[in-house]
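Here is the structure we will look at, set down as structure tokens.
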Amino acid sequence: MEYRRFGKTNKEISVITLGGMRYKKGWDSPRDELPQESIDNCLEITDHALKEGINHIETAYGYGKSENLYGLVLDELKVDRNSYCIMTKGTASTGDEMRARVDDQLKSLRLDKIDFYGYHGINNLEIFNQATKENGPVEALLELKEEGVIGSVGFSTHADVKIILDTIMTDMFDFMNLHFYYFFQRNLAAVELAKHKDMGVFIISPNEKGGKLFNPSQKVADICSPLSPIQFNARFCLSHSQITTLSFGLNELDHFKELDGMFNNELYLNGSDRKIKLELDNCVNELGDSYCTTCGDCMPCPEDINIPEILRFRNMSKAYDMIDFGKFRYNMLESKGHWFPGTYGNACTDCGDCLPKCPVQLNIPELLRSTHQELFIEK
Ligand code: SF4
Ligand code: SF4
């Protein structure tokens, strides 16, 4: 296992992180009642991950039973507190609420210190303003850092890249969690700015939201062979030296075979990896002049349609046969609030606002309608 410095936190952490949001029955409420099935699952996976050399565990207040599971399991396994780092996340409206939330989380985790605390989900301007306001929740986190209760303060985000850049520029944060992987590279500017600011960079969900890669399309599997799509994607991410670690949703022993000999401080994206990348890159040529570059210039849409994201799903389903992934993500629209904003493509009124803004002159309304037809699942 390779270890990288997590930016100015100055901690050396494994390039693979054990994420904690997918344990069996982990989302059933209440969060502090732990079924044996969840405990057994978390115990087995955590034990195995630590033996594999993973020394970074990630959770959040919002991940159901996850914090309580880790609190119990790390105790039961008698893991030396100095042998791993733990990241958790949370939100609050005020500084006092933030302190109360952290207090709660420490109890769930059975710890007296959290190594990395991320403000969870700076996903739009309103949340950015609320989180970073004077005497607000992030300032409370920074005070807790001064007091030694938190090691480093960061943020997680699903926002547009402009908001991410603004958040980095506050200089309030030591690390950042964001989406960036082979099938979604729009946040590269944020990754680069974070490097310039010496922040740790944590990649959210490269395997699941990164393309449902535990169940890849046959086409992607064939192109990535002899690597698995998960391995190729992870090596692509890690070929960016500014990226520290990737959250792997490991929740079955079988998932660990993805790590075999893959992340050992070698030159990622070497000759054979590059060949895979080139072949994947070339697939988008199949879209001809209907390829959306996902530049975002067409936004905003008065109907709040997330045009680049919907057309990205179209790109992926046409170029890579990733129809399952497209359906999985497309049907999350209109149900996840600020975590995944925007309306379905069929909300288009043909107002035409977006058309002159598209540098490649796509017929956006038509593409949105056909994508809706292909990916929408009637509830
Ligand atoms: S034409 Fe459709 S997609 Fe384009 S801005 Fe108008 S409503 Fe939005
Ligand atoms: S402006 Fe055109 S190419 Fe850019 S995201 Fe919008 S539709 Fe895609």
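Please treat every number below as a calculation from the coordinates, not as lab data. Note that the structure is predicted; figures quoted are calculated from it, not measured. Quick reminder, even Gly has a Cβ in these numbers, built from the backbone with ideal geometry, and neighbours come from all protein chains shown.
Add +1 for every Lys or Arg and -1 for every Asp or Glu among the other residues with Cβ under 13 Å from the Cβ of T349, and state the total.
-3
So which cysteines of the chain have no other cysteine's Cβ under 4.7 Å from theirs?
Singleton cysteines: C42, C85, C224, C237, C283, C292, C295, C301, C348, C351, C358.
If you take the square roots of the eigenvalues of the alpha-carbon gyration tensor of region 1-134 and sort them as a ≥ b ≥ c, do you get rounded (a/c under 1.5), prolate (a/b over b/c) or oblate?
oblate
Which lysines does K113 reach when only Cα atoms under 29 Å apart count, and residues fewer than 8 places away in its own chain are ignored?
K8, K11, K24, K25, K51, K65, K78, K89, K133, K145, K195, K197
What does a probe at D198 reach in region 9-36, counting residues whose amide N is under 15 Å from the point 7 Å along Cα→Cβ?
Backbone N within reach: 9-12.
Once the Cα atoms of helix 95-109 and of the chain are each reduced to a long axis, what angle between those two axes, in degrees from 0 to 90 to the nearest 10, is obtained?
Taking Cα atoms only, the helix is inclined about 70 degrees.
About the Cα centre of the chain, what is the dipole size in debye to 20, counting +1 per Lys and Arg Cβ and -1 per Asp and Glu Cβ, all else neutral?
So the dipole magnitude of the chain works out to roughly 500 debye.
In a shell of Cβ-Cβ distance under 15 Å around L287, excluding L287 itself, what net charge do Lys and Arg (+1) and Asp and Glu (-1) give?
With Lys, Arg at +1 and Asp, Glu at -1, the neighbours total -2.
Using a ≥ b ≥ c from the Cα gyration tensor of region 3-266 (square roots of the eigenvalues), is it rounded, prolate or oblate, where a/c under 1.5 gives rounded and otherwise the larger of a/b and b/c decides, a/b for prolate?
Note, shape of region 3-266 comes out oblate.
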